[in-house]
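Peer 1: Handing you this structure, nothing more for now.
The values are calculated or read from the model by the stated rules, or taken from the named source; none is laboratory data. Please read all numbers here as calculations on a predicted model, not as lab measurements. Reconstructed Cβ throughout: ideal geometry from the backbone, glycine too, with neighbour counts over all protein chains shown.
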Amino acid sequence: MFDLSRRQRFVLCVVAFALCAGAVVLVTRRLSENDVVVIPGAVTEPRATSSVEAAERGEATGDCSQEHEVTVHVCGGVVKPGVYTLPRGSRVADAVKAAGGLAPDARAELVNMAMVLSDSSQVYVPVKPREQPGVSTSPTEGPAQTHADPASAPGGGRGRVNINTAGLTELDALPGIGPVLAQKIVDYRNALGRFERPEQLLDVPGIGAKKYEALKDFVTVY
């Protein structure tokens, strides 16, 4: 339809090429401006922690701390008897130190200071027997002798040790008793009251049937 010269056709080709190049540049620039695509709902907002979750987290932390502690009762020959909480793995020596150290009358040689403590346990430090005025354990002094022959004590129990009134010295001198069991007898008596019969000694920790059989003829109650 149009009879164009070679020069005109060349000019048209150049113009068309320029238009195409411009379109490519424009499209490329638009795409580069929109490389970041935001997806609605993809951004997560911080979630508020409920009071229940906070409480559970606090309980978990508390349980973890309790797993690293032991609570023990320290009594006997220490300066400040009581209940103490110590780090797990602590030893008897640490418990005694927490209780103010050993009392002057403590018998530390009877305690294993290197033993590892377990939770809810009791650390008892024995004490030396206290001398009572007018009481002697010498076998040469008849009235104060605690190892009297049972055969010489008819009926009323004279010559036997009254476990309701005997002190540590008298109890210590009984066959197979010693200072530790003597203290336990006194502690039992102070906690539960008078003995109604000698057989109740079997209720004292550390006194079994065999030990009671050896000392039953030397004790009485009244």
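Peer 1: Restrict the check to region 38-51 and report whether at least one residue is under 25 Å from Pro179 (Cβ atoms) and either in the same structural domain as Gly178 (by TED's automatic domain parsing) or at pLDDT 55 or above (or both).
Peer 2: no
Peer 1: Return the pair list, or none, for Cβ contacts closer than 6 Å from residues in region 97-124 that are over 13 Å from Gly77 (Cα atoms) and without any contact (Cβ under 8 Å) to a residue 24 or more places away in the chain to residues that are among the basic types (Lys, Arg) and assigned to a strand (DSSP E or B), at least 6 apart or on different chains.
Peer 2: Pairs found: Ala114/Arg91.
Peer 1: In region 75-123, which residues are in a strand (DSSP E or B) and under 12 Å from the mean Cα position of the chain (by Cα)?
Peer 2: Val83, Tyr84, Thr85, Leu86, Pro87, Arg91, Val116, Gln122
Peer 1: Can you find even one residue in region 171-179 that is without any contact (Cβ under 8 Å) to a residue 60 or more places away in the chain, in contact with a Ser or Thr (Cβ under 8 Å, 6 or more places away or on another chain) and among the aliphatic types (A, V, I, L, M)?
Peer 2: Taking every residue of region 171-179 in turn, at least one turns out to be without any contact (Cβ under 8 Å) to a residue 60 or more places away in the chain, in contact with a Ser or Thr (Cβ under 8 Å, 6 or more places away or on another chain) and among the aliphatic types (A, V, I, L, M).
Peer 1: Further question on the same structure: I'd like to verify a number: residues in region 187-208 that are modelled with pLDDT of 90 or more and in a helix (DSSP H, G or I), how many?
Peer 2: Count: 5.
Peer 1: Would you point out the residue of region 172-222, among those that are small (Gly, Ala, Ser) and in contact with a helix residue (DSSP H, G or I) (Cβ under 9 Å, 6 or more places away or on another chain), that is surrounded by the fewest Cβ atoms within 10 Å (Cβ to Cβ)?
Peer 2: Ala209
Peer 1: Might you check whether a residue that is of a type in the set (Lys, Arg) and under 22 Å from Cys75 (Cα atoms) occurs anywhere in region 159-174?
Peer 2: No, there is no match, as no residue in region 159-174 is of a type in the set (Lys, Arg) and under 22 Å from Cys75 (Cα atoms).
Peer 1: Run Gly142 past the list (1) more than 18 Å from the chain's Cα centre (by Cα); (2) at pLDDT 75 or above and report the number of the one that doesn't hold.
Peer 2: All conditions are met except number (2).
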